[in-house]
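Read the structure below first, then the notes.
Please treat every number below as a calculation from the coordinates, not as lab data. Remember, it's a predicted structure, so these values are computed and weren't measured experimentally. FYI the Cβ positions are ideal-geometry reconstructions off the backbone, even for glycines, and counts take in every protein chain you see.
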Amino acid sequence: MTQNYQDILEDIYHETRPLLGQGRVADYIPALAQVDHSKYGIAIETLEGKSYQVGDANIPFSIQSISKVFLLSMVIRVLGKKLWSRVGREASGTAFNSLVQLETEHGIPRNPLINAGALVVSDCLCTFSPQPLRHLLEFVRELSSNPQIQYDSLIANSERKFGHRNAALVHFMKSFGNIKNDVDEVLNIYFHQCALMMSCVDLARAFLFLANEGIHPHTQEALLTPSQSKRVNAVMQSCGFYDESGEFAFTVGLPGKSGVGGGIVAVVPKRLSICVWSPELNAKGNSLVGMKALELFTTKTGISIF
């Protein structure tokens, strides 16, 4: 069935714009609090090579926790199944920066998409890559076909200055032996990955390999095996939206990942990827407008994985 994605995006954009003003931007990281609340964009990239955009789809923003998917992909590509001895695959049911479960679960985070899990994955990258931040940047630029992508040093420094909870998580896991490298080096990777600046178009392109069984759609390079790609998508489906992952699965029905910068990326296997950016968040830390826009997308197109 042929879909007119441009018309659908424009309908969604106009239908959801009245929701702007009902959420709040992330203010616990001061640099994020300065973002223009009114920005809103959507982009689709298809495996057929077609692009569709509406609104502020080409403006770079801080991708925050969306970056955890890139780190996970890089590490699972090298470590494979060995990664799962250090991080779980279950939804946490607690806040993304919670320390509670680490005490009873001996320093093993529930999944790689909460902060503790992403810090363990960052530690893994640090172990096998002599230049992890350069390695990550090259990977993201390759995925998005955009050599201009950079880290925002202002945001990275703001993350570091106010990152006491993340520092506590790393030190706590180090006490259990689940962090192998220097704590400051692991935190530096984590703070910079959150400060990657990408647009909706960049992110939609960068996630296309997860819609294509791990194969880069333009270069045809196998970045992940089909099995690894399936597992990354499965973790996004169950754990990609903080303590609202079940709600996203229920209302949208796609694997995806959100960030407190207001971005959400979702994948339609064997078809496309879609990114929405609206900085105002709901009470769970997900883009308020983005959640509704993606619900409308799967409703209007009839596309989901279920």
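Against the chain, whose longest principal axis is taken from its Cα atoms, helix 164-175 shows a tilt of about 50°. Gyration tensor over the Cα atoms of segment 178-306: the corresponding equivalent ellipsoid has semi-axes (square roots of 5 times the eigenvalues, largest first) of 23, 20, 14 Å. Take the alpha carbon atoms of segment 64-89, find their center, do the same for segment 287-306, and report the distance between the two centers in whole angstrom. When both Cα centres are located, 26 Å separates them.
Spatial offset of segment 129-206 relative to segment 239-283 amounts to 20 Å, using the alpha carbon center of each. Within the chain, the cysteines lacking any other cysteine Cβ closer than 4.7 Å to their own Cβ are Cys124, Cys126, Cys194, Cys239. As a ratio to 2.2 N^0.38 Å, the alpha-carbon radius of gyration computed for segment 1-51 takes the value 1.54. Compared with the dominant principal axis of the Cα atoms in the chain, helix 288-301 is inclined by about 50°. Note down the net charge around Leu79, summing +1 for each Lys or Arg and -1 for each Asp or Glu among other residues with Cβ under 12 Å from its Cβ. Here the count lands on +3.
For Gln150, the residues whose amide H sits under 5 Å from its own are Met197, ignoring neighbours fewer than 5 places away on the same chain, with H placed 1.01 Å from N. What the Cα convex hull of the chain gives, in volume per residue, is 114 Å³.
By per-residue mean of other Cβ atoms within 10 Å, what is the highest-first order of 242-255, 173-186, 52-65?
Details: 242-255: 19.9, 173-186: 16.4, 52-65: 22.1.
By packing density, highest mean first, the sequence is 52-65, 242-255, 173-186.
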